[in-house]
1. First compute the accessible area of the stretch 4-119 with a 1.4 Å probe, then give the percent of it belonging to carbon and sulfur atoms.
2. Distance in nm between label sites at N83 and D65, each 7 Å beyond Cα in the beta-carbon direction?
3. Sorted by mean Cβ packing within 10 Å, highest first, what order do the peptides 87-94, 105-112 take?
4. Compute the accessible area per residue over the chain, keeping the other protein chains in place, probe 1.4 Å, unit Å².
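The values are calculated or read from the model by the stated rules, or taken from the named source; none is laboratory data. If you're wondering where the values come from, they're calculated on a predicted model, not measured in any experiment. Virtual Cβ from ideal backbone geometry, glycine too; neighbours counted across all protein chains shown. For accessibility, only protein heavy atoms count, side chains too; no ligands or nucleic acids. Shrake-Rupley method; radii C 1.70, N 1.55, O 1.52, S 1.80 Å.
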Amino acid sequence: QPQLVESGGGQVQPGGSLRLSCVASGFSLENYAIGWFRQAPGKEREGILCVTNRGNTNAADSVKDRFTISRDNAKNTFYLQMNNLKPEDSANYYCAADPRGATIRCRPPFYDYWGQGTQVTVSS
């Protein structure tokens with residue numbers, strides 16, 4: 001059974017950093033498209049950073065130059081490094097993966113497998 005499990009969320013002050021991890025089990029991430037999404041209360045889930053199996057990246061303007069995505073195929077894990085966090089980054093963050101490895105569209109309908117979410121709160 002394919003499964004994704006996130007970790008690393010928490011509360012941080014504005015300007016701080018967090019790294020989220022997403023561990024996959026039941027399948028190999030190597031040829032999958034991977035992505036990070038977030039959903040704030042009362043808002044739709046949005047894609048913030050996605051990358052194809054060949055490394056092509058699609059990033060939302062709101063996180064460009066602050067967030068990066070990476071993967072470690074040996075650990076079957078991928079990460080979201082978040083720097084210079086702002087209060088508007090507060091949300092529940094979800095990792096996702098899709099077997100159509102060339103998927104570049106960073107939108108929820110294009111991803112089949114999802115983690116359970118981890119909360120990120122940015123406040124002083």
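1. Values: 2550 of 5870 Å².
Of all accessible area on the stretch 4-119, carbon and sulfur atoms account for 43 percent.
2. Result for the modelled spin labels: 1.2 nm.
3. Working: 87-94: 18.5, 105-112: 15.9.
Ranked from most to least packed, the peptides come out as 87-94, 105-112.
4. Details: 6440 Å² over 124 residues.
Averaged over the residues of the chain, the accessible area is 52 Å².
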